[in-house]
Amino acid sequence: MDACGCAPGSDTAAGQAVDARRWWQDRSVLIPLASGLLLGTGWVLEWTGVADQAPLSAVALAAFWGSLLLGTSQFVPGALRMLLVRRRLGIGLLMTISATGAVALGHVEEAAALAFLYSIAEALEDRAMDKARSGLRSLLSLLPNSATIIDDDGTPRQVPVPSLVPGQLIRVAAGTRLATDGIVRTGHSALDTSAITGESIPVEAGPGDEVLAGSVNTTGVLEVEATASGTENSLTTVVRLVEEAQAEKGKRARLADRIASPLVPGVLVLAALIAAVGSVLGEPVEWVTRAIIVLVAASPCALAISVPITVVSAIGGGSRFGVIIKSGAAFERLGRVNHLAVDKTGTLTRNQPTVSAVLTTPGHSEQQVLTWATALETHSTHPLAAAITAAAPGGRHAAEVVELPGQGITGSVENRRIAVGNPRWLTSGPLARQVADLEQRGCTVVVVHHSGQVVGAIGVRDELRDGAAETIAALAAEGVGVTMLTGDNARTARALATEAGITEVQAELRPEDKAEAIAALRRHHQVAMIGDGINDAPALASADVGIAMGATGSDAAVESADVAFTGEDIRLLPQALAHARRGRTIINQNIILSLVLIAVLPPLALFGVIGLAAVVLVHELAEVIIILNGLRAAGRRL
């Protein structure tokens, strides 16, 4: 097992081994560097004049040849395989022909420079890709090598993490990480989930709570029943999603490929025409030389790498602050979003209904009302019951409890008849106006009767997430419109929307209605939809960009979305949009620079303004600039 709990020889382990190598341990970097060292040696001998002496002249020539062979070894085999096996003309073939032509004309030095600069640019791109991926694979280092499971007879034993299966009971000691997802069965602790969700405050965990792989158990001992295997859990899902993203290029990447594909044979035909026509009308050697220079000058290698390096870097950078982008196409669409459709429950709100208000009639206290309600609600399966019992744990015993579906629940507490139910079933009496006000504020209200008399009312509401209003304000400041789409009733939806600062609300929608609403918005906007439930899946798939709230949430939502947040901090939204917009700007810069090179260099080469060495130097140095510029997309400037 490696440090990440991966079996030796596994793809992930191999990938991490590659990422762990320093540049001086990477053969794909060392060979181009050796090529450059030999090229530099030849230049020094030539420029100092010592190469005029016969023995040193041979040394300089040998250095140029060595540089050429080392450089071309990095791209010629691949170019030939592409030509012979895949029947495709690649940029590497263009470089191969250019280098061969330069050698045929006796320009070994220029051919060596071409081979060195192209091979070092390729090496830099590969290292940049590895750097972008390393942050993603390092997520797996959050998993321990082994875990302690409790056998049926109560005996603890150590097992490798990849062997874990759902249903096993795992003992998690203080200071150790959870090996997979699960549900706490015994024990209480505070979990540090900062590496997983970005939450800085430890999360309290006790029996019945769901916990995530990679979380750190800070205090106490927990026994957790695994709900996922050691190799397929929330953390490995995040890594898989990102690696899928890196395998897919965006629309502009495909545009770059479409430009490069006809350009390579086009450049070859142009070079052949220049050589043929020039040889007929002028000096053959001179025009063949110019044809080779034009061949190099029109190379679209900079264009071909300009988009992928930026997209991969940006996707890797996004993952480091909790934004998982599943494809290059999604990343580029995210950068164009100008309208956001947002689900209410579980996205804008916490999806954890809590008691927000307690009303009482004269002579009764809030604690009394909660205690009587809790005594009955402990026996209820209604979703609101958990919120009420959580507000007053340890309530009194109730007898003769009868639950009436759609109305409420009745029972006897200390020989007094208690009833708890909705205002349509139980009269609100003197509290009617206050109950109506709570409902206008988006609360679901239950009325409490004691011995047939109104004693109080309890308002329960799914509160807004921390930072929800701040997020909406930040989006508005960036010119991004927001529409709430929810299946909840219009009254509750509008109350929460007003509190969050949202003016456009569509409520009481079915899943198919949400998809239709997205389609209508897309007629005038570039739309992103953010949601977290199964009912949001059609809308997420219909939007230009679907965003799943929590990469470990509903499988349907995550699979339908283009982007997923590893945590549940809605404040990531403006950050994600800013990150994508910045990356798109960098992509535009790289494409423009690449096209300028293709437009300017060939005419200069054709009319003999610049020679082969100058073309090679300018073109390949531009590649390095493009790569370095693309790497900026990995950063956050928020």
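Couple of notes before you dig in:
- Taking all protein chains together and rolling a 1.4 Å probe, His107 ends up with roughly 70 Å² accessible.
- Here the label points at Leu281 and Ala173, each 7 Å from Cα along the C-beta direction, are separated by 8.4 nm in the simple model.
- Per-residue SASA entry for Ile149, accessible area with 1.4 Å probe, Å² rounded to 10: 0
- In region 399-507, trypsin sites (Lys or Arg not before Pro) in a DSSP loop with at most 12 other beta-carbon atoms within 10 Å: Arg424
- HN-Hα J in Hz across region 623-633 - Karplus 6.51, -1.76, 1.60, θ = phi - 60°, x for Gly and Pro: 4, 4, 4, 5, 5, 5, 5, x, 5, 4, 5
- Note on region 436-590: Rg/Rh from C-alpha atoms, Kirkwood Rh, equals 1.06.
- In the context of the full set of protein chains, region 280-320 has a per residue accessible area of 27 Å² (1.4 Å probe).
- Reciprocal mean inverse distance between Cα atoms of region 391-446 - Kirkwood radius, Å: 12.7
- Heavy atoms of His339: accessible area, 1.4 Å probe, square angstrom to 10: 10
- Fraction of accessible area attributable to carbon and sulfur, region 288-435 (%, probe 1.4 Å): 51
- Accessible area of region 468-612 belonging to carbon and sulfur atoms, whole % at 1.4 Å probe: 54
- For region 54-99: rounded, prolate or oblate by the Cα gyration tensor [a/c cutoff 1.5]: prolate
The values are calculated or read from the model by the stated rules, or taken from the named source; none is laboratory data. If you're wondering where the values come from, they're calculated on a predicted model, not measured in any experiment. A quick note on method: Cβ atoms are made from the backbone with ideal geometry, for glycine too, and the neighbour counts reach across all protein chains shown. Heads up: the accessible areas ignore ligands, DNA and RNA and are worked out on the full protein's heavy atoms, side chains in. Shrake-Rupley method; radii C 1.70, N 1.55, O 1.52, S 1.80 Å.
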